[in-house]
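Enquirer: Provided herewith is a single structure, encoded as structure tokens, for subsequent inquiry.
The values are calculated or read from the model by the stated rules, or taken from the named source; none is laboratory data. Owing to the predicted nature of the structure, the values given are computational and were not obtained by experimental measurement. Positions of Cβ are generated from backbone atoms using ideal geometry, with glycine treated the same way; all protein chains shown enter the neighbour counts. The area values use the complete protein model at the heavy-atom level, side chains included, leaving out ligands, DNA and RNA. Shrake-Rupley method; radii C 1.70, N 1.55, O 1.52, S 1.80 Å.
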Amino acid sequence: ISNVPPGDYRVDVLAKARLEAIGKTGGTARPPGAIRSEFASQPITVNGDVDDLLIRTGLGFEMRGRVLLDGAPAPTSVLEKLQVDAMPLLAGQGISNQLLMASGSARPDGTFVVPGLAGWWLVRLRGLPPGLSLQSVMASGLDVTDDGVEISQDIEGVDIAITTKPTRVTGTVTDANGAPTRDYAVIVFSEDSRQWARLLTRHVVSANPGADGRFTVTGLPAG
């Protein structure tokens, strides 16, 4: 790779078969049940020529856990369409991070397995029915919902909690004369600016008014 300006970079390596499958399907994240392939993601610093760079690939590790609804096993009607997505928490969030994403389906008993992970990963759910919201992701007794979980070996006991009672903020907006208006958009954001740029942040949410002129924002973390 020639003409690389000095700086800090990351080198990602993906199997050719993986890229060909992406080209055929148009998707990026590894679909559940896909054939596992070796991969690597390695930081490098360029300050002149970098010679003899050795990148070691591997299959990664498995993350196992369960999905809970209000503290109890989630019913099949909720689980049947749920996907557990893992996205790498790497510098330079872009298309390469999406290519490294991995997924696993929620089983009828509420358990899940996501293979092919190494490093720091953010865990989210895809396919949540209306009215339900992600509450927390717990690993080894720690809340890793926003900071992600480090995986350097097979990991078990990851609990993804969803709730039927998410936090809710509702209201209306009036103009300078006190008259209701529907010509607005609302943004609710954390006072802690460090939360703004997080990957898939839950701390910045926007909403538009409904037919009645009221806005509703759900699923905000406490704070």
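Enquirer: Going by the conditions given, is Gly110 more than 29 Å from Glu38 (Cβ to Cβ) and touching a helix residue (DSSP H, G or I) at 6+ places or on another chain (Cβ under 8 Å)?
Expert: Yes, satisfied.
Enquirer: Another question, then. Just give me the residues in the range 156-182 being in a loop (DSSP other than H, G, I, E, B) and closer than 30 Å to Met63 by Cβ, in sequence order. Before you say what the answer is, go through the steps one by one.
Expert: Filtering the range 156-182 down to residues in a loop (DSSP other than H, G, I, E, B) leaves 164-167, 172-173, 175-179, 181-182.
The answer is Thr164, Lys165, Pro166, Thr167.
Enquirer: Further question on the same structure: Given the options Gly131, Gly116, name the one that is outside any strand (DSSP E or B), of a type in the set (Gly, Ala, Ser) and modelled with pLDDT under 90.
Expert: Sole residue among the options that is outside any strand (DSSP E or B), of a type in the set (Gly, Ala, Ser) and modelled with pLDDT under 90: Gly131.
Enquirer: Looking at the range 183-213, which of the residues that are outside any loop (DSSP other than H, G, I, E, B) and of a type in the set (S, T, N, Q) is least open to solvent (accessible area, probe 1.4 Å)?
Expert: Here the answer is Gln195.
Enquirer: Keeping to the range 1-35, report how many residues are modelled with pLDDT under 75 and assigned to a loop (DSSP other than H, G, I, E, B).
Expert: Within the range 1-35, residues that are modelled with pLDDT under 75 and assigned to a loop (DSSP other than H, G, I, E, B) number 9.
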